[in-house]
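S.K.: One structure coming up, written as structure tokens, with questions to follow.
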Amino acid sequence: MNFDRKNLTNEQLLDLYKKILKPRLIEEKMLILIRQGKVSKWFSGIGQEAISVGITSVLDKDEYILPMHRNLGVFTTREIPLHRLFSQWQGKRNGFTKGRDRSFHFGTQEYNIIGMISHLGPQMGIADGIALANKLKKNGKVTAVFTGEGATSEGDFHEALNVASVWDLPVLFVIENNGYGLSTPTNEQYRCKQLADRGVGYGMESHVVDGNNILEVYHLISELKASMIENPRPVLLEFMTFRMRGHEEASGTKYVPQELMDMWAVKDPVENYRSYLKATAVLDDAADEAIRAEIKKEIDTDWAKVQEEPAIVADLDEELNDVYAPYTFEDIAPKGETENIRVIDAISQGLRQSMERHENLVVMGQDIAEYGGAFKITDGFVNQFGKDRVRNTPICESIIVSAANGLSINGHKAVVEMQFADFVSTGFNPIVNLLAKQHYRWQEKSDVVVRMPCGGGTQAGPFHSQTNEAWFTKTPGLKVVYPAFPYDAKGLLATAINDPNPVMFFEHKLLYRSIYQDVPKDYYTLPFGKASLLKEGKDVTIISFGAGVHWALETLAKHSDISADLLDLRTLQPLDWDAIYASVKKTSRVIILQEDTLFGGVASDISSMIMENCFEYLDAPVKRVGSLESAIPFMKSLEDQYLPKQRFETELLELLKY
């Protein structure tokens with residue numbers, strides 16, 4: 001192995017040696033502890049240390065790095081105290097996740113490291129968002145994100161590279177090509193000669209690098225970083241290396257040919273660098289032993305310290321309170337003149353005023369810039385706020401949601417427009433596994449609003465008409481808003497953007513241009529978790545949201561003799577249980593109307609909770625009304641049959657006869 005020190009001093013060479021040796025010695029300690037049953041699981045990076053250490057040594061401490069399982073060298077080079085890392089691995093409170101996640105599945109703003117989730121791909125989208133925030137700040141910072149060769153087969157990898165290239169984002173995409181995705185060799189994963197060759201397809205600079213040569217890694221990253229500051233752009237790096245242990249220790253390496261193990265053993269990045277330093281008289285045996293003794297002492301001392309830490313004690317209140325980031329609602333009362341506007345106007349106005357209020361708010365989506373979006377919500381926004389803050393995206397919902405999370409991590413707010421709520425399925429993973437869980441896992445907010453144009457009644461067919469709120473009300477960590485009127489839509493959108501938690505904001509397309517209301521011209525907010533009592537009566541409680549509210553109003557207008565409480569829920573997570581229970585206890589009959597299909601929908605949970613908490617007040621079974629158990633069809637006659645509008649009237653009258 002050829003090492004070229006270039007202009008590095010002896011002190012710098014020794015510093016790199018200490019940094020690459022430290023993770024190796026920690027791993028050797030962990031392997032002993034695993035055999036002793038003192039560590040439950042371990043993902044080894046032995047043989048790959050030069051990549052993590054070389055890259056982290058070049059980047060400034062305030063530049064974000066997004067590592068994976070085998071990047072212990074990132075954490076040690078950033079000088080995270082070992083006892084905190086050990087606490088994390090042991091599930092102790094002094095770790096980073098309060099025992100809720102393991103290994104390197106965590107982030108820390110203190111050290112500008114954002115750890116992975118097991119789905120791998122979203123990591124690269126987060127890097128895009130962090131880099132976008134850096135670019136908007138014009139701070140000259142570079143972001144590095146790691147992945148293995150296996151994850152380059154994921155769609156998120158390709159989406160992330162494309163977005164970074166189109167937006168000229170200063171991201172180092174680091175592929176650690178160690179030959180195997182768990183047990184699957186590279187010849188069963190891809191057919192291009194080198195993964196770096198894929199950079200050509202994205203108009204992106206790329207390099208193939210000896211990942212076991214720490215000086216080659218260090219010098220290349222140093223050169224690239226200086227260049228990327230002058231010319232912001234993404235760079236794809238394929239580091240050729242090898243994993244000398246199993247995917248995790250329990251996996252073993254029996255599937256690896258012995259000759260391959262032998263070939264890479266002689267390329268050991270630590271031993272070869274050590275030999276080079278000795279050959280050039282930068283290091284001698286005595287100094288080497290002293291360095292090793294010092295690191296081992298730190299490891300043993302910090303490990304002993306962690307063994308004295310008590311085990312996590314479950315605290316119910318803490319567990320539930322950490323699902324969402326803390327937020328104190330800012331009640332800004334409506335004032336001033338009103339104007340009679342539609343739902344679509346109210347949403348547009350609320351979004352515009354929020355962008356005026358929050359200079360760090362970025363809006364992203366397909367065709368939202370000059371075109372103004374599929375429904376013209378953002379028409380004219382580019383002229384007022386510019387293309388940096390009103391960003392057209394490629395068709396890649398998954399990585400844009402992840403990028404929104406990256407913006408949040410790096411000090412911004414983000415609103416993502418799904419062109420249709422149906423298309424959120426291709427962005428489902430980062431919403432439910434990244435945004436929703438982030439604060440619970442490592443106490444970092446996810447300040448993202450996903451706008452969801454949804455619903456039927458417009459003959460748009462199975463892929464443009466779903467109302468899929470139940471996909472998200474099931475997921476702890478998300479807030480779900482579903483207004484039915486212009487006044488509510490504007491005030492609740494303002495609150496959604498103020499709230500540092502991820503919010504799914506549903507906007508019914510049928511209501512966009514059909515429902516008018518007098519709405520204050522100025523900015524105002526409305527609280528989550530407060531239903532609106534639209535009508536008061538004594539015979540029955542009607543609970544609904546979205547278009548269902550208007551169907552209920554139309555039905556009641558036809559039957560003036562029905563005395564009903566009509567509750568518009570407005571938000572589905574959180575729900576206003578107090579209002580629901582109070583009304584049910586008053587009327588003793590309840591019918592729940594939703595547009596979604598019945599099974600597994602919001603109405604089912606509301607019905608169950610009423611039965612559990614108000615059973616003795618009921619004079620009739622709780623009735624649910626929803627759409628047919630099928631996909632939503634295209635033709636009007638079929639769509640009318642599918643939707644529950646007409647069935648609601650029949651079921652309401654039957655309930656009153658009970």
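S.K.: With the stretch 171-254 as the region, which strands (runs of 3 or more DSSP E) entirely inside it contain at least 1 residues that are open to solvent by 40 Å² or more (accessible area, probe 1.4 Å)? Walk me through it before giving the result.
M.R.: Values: elements: 171-177, 205-210, 235-240.
So the answer is 205-210, 235-240.
S.K.: Just the residues that are out of contact with any strand residue (DSSP E or B) (no Cβ under 6 Å at 6 or more places or on another chain) and basic (K, R), please, taken from the stretch 605-646.
M.R.: Answer for the stretch 605-646, where residues must be out of contact with any strand residue (DSSP E or B) (no Cβ under 6 Å at 6 or more places or on another chain) and basic (K, R): K636, K645.
S.K.: Sort out which residues of the stretch 22-43 are more than 32 Å from the chain's Cα centre (by Cα) and of a type in the set (S, T, N, Q), and write them in order of number.
M.R.: Residue satisfying the conditions is Q36 alone.
S.K.: Also, quick follow-up: Can you name the number of the only condition in (1) in contact with a helix residue (DSSP H, G or I) (Cβ under 7 Å, 6 or more places away or on another chain); (2) within 28 Å of P232 (Cβ to Cβ) that D62 fails?
M.R.: Going through the list (1) in contact with a helix residue (DSSP H, G or I) (Cβ under 7 Å, 6 or more places away or on another chain); (2) within 28 Å of P232 (Cβ to Cβ), D62 breaks only (1).
S.K.: Still on this structure: Among the numbered criteria (1) within 30 Å of N212 (Cα to Cα); (2) open to solvent by less than 60 Å² (accessible area, probe 1.4 Å); (3) among the small types (G, A, S), which single criterion is violated by S275?
M.R.: Evaluating S275 over (1) within 30 Å of N212 (Cα to Cα); (2) open to solvent by less than 60 Å² (accessible area, probe 1.4 Å); (3) among the small types (G, A, S) leaves (2) as the failure.
S.K.: If you check every pair at least six apart or on different chains, which have Cβ atoms under 8 Å apart with a residue in the stretch 480-505 that is closer than 13 Å to P574 by Cβ and of a type outside the set (S, T, N, Q) first and a residue that is open to solvent by 10 Å² or more (accessible area, probe 1.4 Å) and part of a helix (DSSP H, G or I) second?
M.R.: Going by the 8 Å Cβ cut-off, the qualifying pairs are V480/T473.
S.K.: Looking at T152, T143 in this structure, which one is at pLDDT below 95, buried (at least 22 other Cβ atoms within 10 Å of the Cβ), in contact with a helix residue (DSSP H, G or I) (Cβ under 7 Å, 6 or more places away or on another chain) and within 25 Å of V53 (Cα to Cα)?
M.R.: Values: T143 fails: at pLDDT below 95.
Matching residue, one of T152, T143: T152.
S.K.: Please note which helices (runs of 4 or more DSSP H) are completely contained in the stretch 580-658 and include at least 1 residues that are among the charged types (D, E, K, R) and over 28 Å from S465 (Cβ atoms).
M.R.: Working: elements: 602-614, 636-642, 645-657.
Counting at least 1 such residues, we get 602-614, 645-657.
S.K.: Cβ-Cβ under 8 Å, sequence separation 6+ or interchain: first residue in the stretch 257-280 and part of a helix (DSSP H, G or I), partner open to solvent by 70 Å² or more (accessible area, probe 1.4 Å). Which pairs?
M.R.: N272/M1; Y276/M1; K278/D284; K278/D285
S.K.: Let me ask something else. Go through the residues of the stretch 325-343 one by one and say whether even a single one is in contact with a helix residue (DSSP H, G or I) (Cβ under 7 Å, 6 or more places away or on another chain), closer than 30 Å to A133 by Cβ, without any contact (Cβ under 8 Å) to a residue 60 or more places away in the chain and assigned to a loop (DSSP other than H, G, I, E, B).
M.R.: Checked the stretch 325-343: no residue is in contact with a helix residue (DSSP H, G or I) (Cβ under 7 Å, 6 or more places away or on another chain), closer than 30 Å to A133 by Cβ, without any contact (Cβ under 8 Å) to a residue 60 or more places away in the chain and assigned to a loop (DSSP other than H, G, I, E, B).
S.K.: Could you please give the count of residues in the stretch 507-540 that are within 20 Å of L553 (Cα to Cα) and either free of Cβ contacts under 8 Å to residues at least 24 places away in the same chain or among the aromatic types (F, W, Y) (or both)?
M.R.: 2
S.K.: Can you say whether E63 is surrounded by fewer than 24 Cβ atoms within 10 Å (Cβ to Cβ) and at pLDDT 95 or above, as far as the supplied structure shows? Before the answer, list the steps.
M.R.: Numbers: surrounded by fewer than 24 Cβ atoms within 10 Å (Cβ to Cβ): yes; at pLDDT 95 or above: yes.
Yes: the conditions hold for E63.
S.K.: Could you count how many residues in the stretch 538-575 are open to solvent by less than 20 Å² (accessible area, probe 1.4 Å) and either in contact with a strand residue (DSSP E or B) (Cβ under 8 Å, 6 or more places away or on another chain) or part of a loop (DSSP other than H, G, I, E, B) (or both)?
M.R.: 21
The values are calculated or read from the model by the stated rules, or taken from the named source; none is laboratory data. Given the structure is predicted, the values throughout are model-derived calculations rather than measurements. FYI the Cβ positions are ideal-geometry reconstructions off the backbone, even for glycines, and counts take in every protein chain you see. All accessible areas refer to the heavy atoms of the entire protein, side chains included, with ligands and DNA or RNA removed. Shrake-Rupley method; radii C 1.70, N 1.55, O 1.52, S 1.80 Å.
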